[in-house]
Amino acid sequence: MSPAPAASEPAPVRAGRGRDDACPGALRLHQADDGALARVRVPGGLLSADQALALARAAEELGDGALETTSRGNVQLRGLAGDAGAELAARLGAVGLLPSLPHDRVRNIVASPLAGLDGPGPALRDWVHQLDALLCASDVARQLSGRFLFALDDGRGDVASLDADVTLIARTAGHGVEDGRDGHGGGHGEDGRQGGAAPGALLRLGRADWCAEVPHGPRAALAVAEAFVALADGAWRVREADPDGAALAGRLGLERRPLPESTGARPVVGTFAGAGAGAGADAGAGAGPGGLVVGLRFGRASARQWRALASAGDELRVTPWRSVVLPGAGAGLLPELAALGLRTDPASPWERATACTGAPGCAKSLADVRADAAAALDLPPTVPPPAGPPGAARPALPVHWSGCARRCGHPVGHWVDVLATGPTGYRITDSQLPDGATEVTTQQMAAAVAAARRTT
């Protein structure tokens, strides 16, 4: 299928919202019921082990001792004191997580987390670093909202389905965006360029049903962002100001072409192999080392869990799906990580299950949805899988628990909506069958959710 996101409802077209974007950052803290919240941008989800350990120390010494990952591959710290901002900023700056104070909230870049690790396709590290450098060097980019999103896709279609404002897709598996180097060499210039020929890319604007070929992906992405600032008139997202991308295409002289087909497959927890391992594959062609994908329950990890992830190698990659990729890590590490409460079983009901913060962290929530959801997900299954030949069972639908009608963090596409109606009650609805709601108590919820997730 095409990498177009299947949004549950069309976005309204509005010239401006009439209020400032209150999206939190590392410098602009959000005051929640459980203390201040900081959102640390992690472009491409790329964290060195030292950076990950610095975040764990900050969570323990300044916050509530845990870290959260977001649907954009960023990391949040909660329970901060109101005056912790300056100390947190100093710690983040010391490890390279805050390269530009004015651009703190606009460095929203997701990238295919398995790029360069599981096959001969292109790695994306240079694209991530180049785009981040370009954003931080642009005065115009400072005016983007904290919700404006860039997606860099290696061609598999995983992050191309995330409803980004600007999506870059590697042209083919044979057109790499790196030359086999680790991305730290080569000498980036002031505009983020690297020596050698610039790679091409396919560029998509918001939810447009077309793309355009561009000679240099990161520079084209910045050009779109700067053109959007001139066009937006207060809008936060491309889909609001230019739903079909026609206005931006006209400003930038883009020539339309069809979107490529892609599977949109996302990383699955457990092990993954690197293509060509032990077969004499050319490392310069992008043969990857394989590794592990490890999930976090509701995207939240204790400092102890986070340290265990950071100790698995030199790097970890935060995904937009509440999981972390550990490049080069072996399967022998899985039992230790599972014993710590991390998700390692792809058949677990926890897979593709998400929840908002809920009570007591959010005053608007009608219930402690994470506790209720965890209790439901941990119960032994009572609904048998659908009948069919071996290996033909379909994966369970995504499910999201919400404490109020805002449904913060819900998936797009087809999913099961579990909405709190009070401290002990929930309404369960299939997103594609909104008239078929089922009212349940917390005691009835586990079986009802399991059944709803198997209605495909």
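Quick notes on this one:
- Residues located in the range 20-38, provided they are of a type in the set (D, E, K, R) and touching a residue at least 60 places away in the same chain (Cβ under 8 Å): Asp21, Arg28, Asp33, Asp34
- Answer residue from the range 232-244, given it is of a type outside the set (D, E, K, R) and either open to solvent by 40 Å² or more (accessible area, probe 1.4 Å) or in contact with a strand residue (DSSP E or B) (Cβ under 9 Å, 6 or more places away or on another chain) (or both) and is farthest from Ala151 (Cα to Cα) among those: Gly234
- Residues in the range 340-364 that are assigned to a loop (DSSP other than H, G, I, E, B) and within 19 Å of the chain's Cα centre (by Cα): Leu342, Thr344, Pro346, Trp350, Glu351, Arg352, Cys356, Thr357.
- Qualifying residue in the range 401-421 (condition: among the acidic types (Asp, Glu), open to solvent by 40 Å² or more (accessible area, probe 1.4 Å) and at pLDDT 90 or above): no
- If you go through the range 231-249 and keep only what is in contact with a helix residue (DSSP H, G or I) (Cβ under 8 Å, 6 or more places away or on another chain) and small (Gly, Ala, Ser), you end up with Ala232, Ala235, Ala241, Gly245, Ala247.
- For the range 67-76, the criterion of a residue being open to solvent by less than 50 Å² (accessible area, probe 1.4 Å), within 24 Å of Gly295 (Cβ to Cβ), at pLDDT below 90 and not in a helix (DSSP H, G or I) is satisfied by no position.
- Count of residues meeting criterion [open to solvent by less than 50 Å² (accessible area, probe 1.4 Å) and not in a loop (DSSP other than H, G, I, E, B)] in the range 23-52: 15
- The range 312-335 residues that are within 23 Å of Arg72 (Cα to Cα), paired with ones that are open to solvent by less than 40 Å² (accessible area, probe 1.4 Å) and acidic (Asp, Glu) (beta carbon under 6 Å, 6 or more apart): Pro327/Glu315
A quick yes/no check of all residues on (1) open to solvent by 30 Å² or more (accessible area, probe 1.4 Å); (2) modelled with pLDDT under 95:
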{"position": "Ala221", "(1), (2)": "no, no"}
{"position": "Ala225", "(1), (2)": "no, no"}
{"position": "Ala246", "(1), (2)": "yes, no"}
{"position": "Thr263", "(1), (2)": "yes, yes"}
{"position": "Ser302", "(1), (2)": "yes, no"}
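- Residue that is farthest from Glu60 (Cα to Cα), among those in the range 77-97 that are open to solvent by 20 Å² or more (accessible area, probe 1.4 Å) and not in a helix (DSSP H, G or I): Gly96
- Checking each residue in the range 308-366 for being touching a Cys at 6+ places or on another chain (Cβ under 9 Å) and surrounded by fewer than 19 Cβ atoms within 10 Å (Cβ to Cβ) picks out Cys362, Lys364.
- Tally of residues being in contact with a Phe, Trp or Tyr (Cβ under 9 Å, 6 or more places away or on another chain) and modelled with pLDDT of 95 or more across the range 278-295: 4
The values are calculated or read from the model by the stated rules, or taken from the named source; none is laboratory data. Here the structure is a predicted model, which is why all the values come from computation and not from measurement. Because the Cβ atoms are built from the backbone with ideal geometry, glycine has one as well, and the counts that use them run over all protein chains shown. Side chains are part of the model used for accessible areas, which takes the heavy atoms of the whole protein and leaves out ligands, DNA and RNA. Shrake-Rupley method; radii C 1.70, N 1.55, O 1.52, S 1.80 Å.
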